[in-house]
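Trainee: Sharing a structure, written as structure tokens. Questions coming.
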Amino acid sequence: MTSSLADNDTVMEEGTLPRLPHTDVRNPVDAAPPIGAETASCQLREVLDRVGDKWSVLVMALLADGPKRYSQLQRSIEGISQRMLTLTLRSLERDGMVARTVTPTSPPRVDYALTPVGATLSNQVDALIDWAEGHREYMATARLRYDAAAGSDRRAETDGRG
């Protein structure tokens with residue numbers, strides 16, 4: 001293994017770059033962010049966290065076909081716990097993506113449906129699911145190939161060949 005000293009006097013393997021601390025690459029390290037930039041960034045991250053969450057995507061995809069009862073959603077989403085479905089629905093309702101309607105019957109009937117804003121996201125959610133379904137085998141094969149290569153690299157390192 002050939003190593004060299006980087007600018008910060010750390011020993012590095014040839015062909016690698018020094019590990020730098022995580023910084024916002026859009027702004028110089030010493031520059032203060034513009035006023036309000038952190039707030040806008042946090043808000044965008046919150047929106048993406050909600051609409052990009054795997055359970056939210058699946059719930060919204062199911063609701064794109066029309067209102068559903070809680071039990072219908074739970075039966076349709078493999079692997080989701082009752083607690084996680086409840087939290088997901090509450091979060092989507094809080095964010096204005098899903099409307100909850102209670103019909104006073106015995107027992108009460110609760111239906112969930114996409115709001116008009118939630119429906120605007122429906123096409124993008126459907127496209128994401130279609131892409132995932134079309135590429136899941138490719139990704140599974142790529143993972144196997146990567147894991148096999150990473151395993152042989154690790155074995156070579158421990159055998160003294162790396």
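Trainee: So is Leu89 at pLDDT 95 or above, within 23 Å of Glu133 (Cα to Cα) and in contact with a strand residue (DSSP E or B) (Cβ under 9 Å, 6 or more places away or on another chain) or not?
Mentor: When the stated conditions are applied, Leu89 does not pass them.
Trainee: Something else: Go through the stretch 76-99 and count every residue that is within 13 Å of Ser56 (Cβ to Cβ), more than 18 Å from the chain's Cα centre (by Cα) and surrounded by 15 or more Cβ atoms within 10 Å (Cβ to Cβ).
Mentor: 2
Trainee: Right, here's the next one. Has the stretch 78-100 got at least one residue that is in contact with an Asp or Glu (Cβ under 9 Å, 6 or more places away or on another chain) and part of a strand (DSSP E or B)?
Mentor: Within the stretch 78-100, one or more residues are in contact with an Asp or Glu (Cβ under 9 Å, 6 or more places away or on another chain) and part of a strand (DSSP E or B).
Trainee: Looking at (1) more than 23 Å from the chain's Cα centre (by Cα); (2) open to solvent by less than 40 Å² (accessible area, probe 1.4 Å), which is the one condition that is false for Arg69?
Mentor: Tallying (1) more than 23 Å from the chain's Cα centre (by Cα); (2) open to solvent by less than 40 Å² (accessible area, probe 1.4 Å), Arg69 fails exactly one: (2).
Trainee: Taking the residues in the stretch 101-123 that are of a type in the set (Gly, Ala, Ser) and assigned to a helix (DSSP H, G or I) as candidates, determine which candidate is farthest from Leu48 (Cα to Cα).
Mentor: Among them, the one singled out is Ala119.
The values are calculated or read from the model by the stated rules, or taken from the named source; none is laboratory data. Bear in mind that the values here come from a model prediction, so they are computed numbers and not experimental data. Cβ atoms come from the backbone with ideal geometry, glycine included; neighbour counts cover every protein chain shown. Protein only, heavy atoms only, side chains kept; ligands, DNA and RNA dropped before computing areas. Shrake-Rupley method; radii C 1.70, N 1.55, O 1.52, S 1.80 Å.
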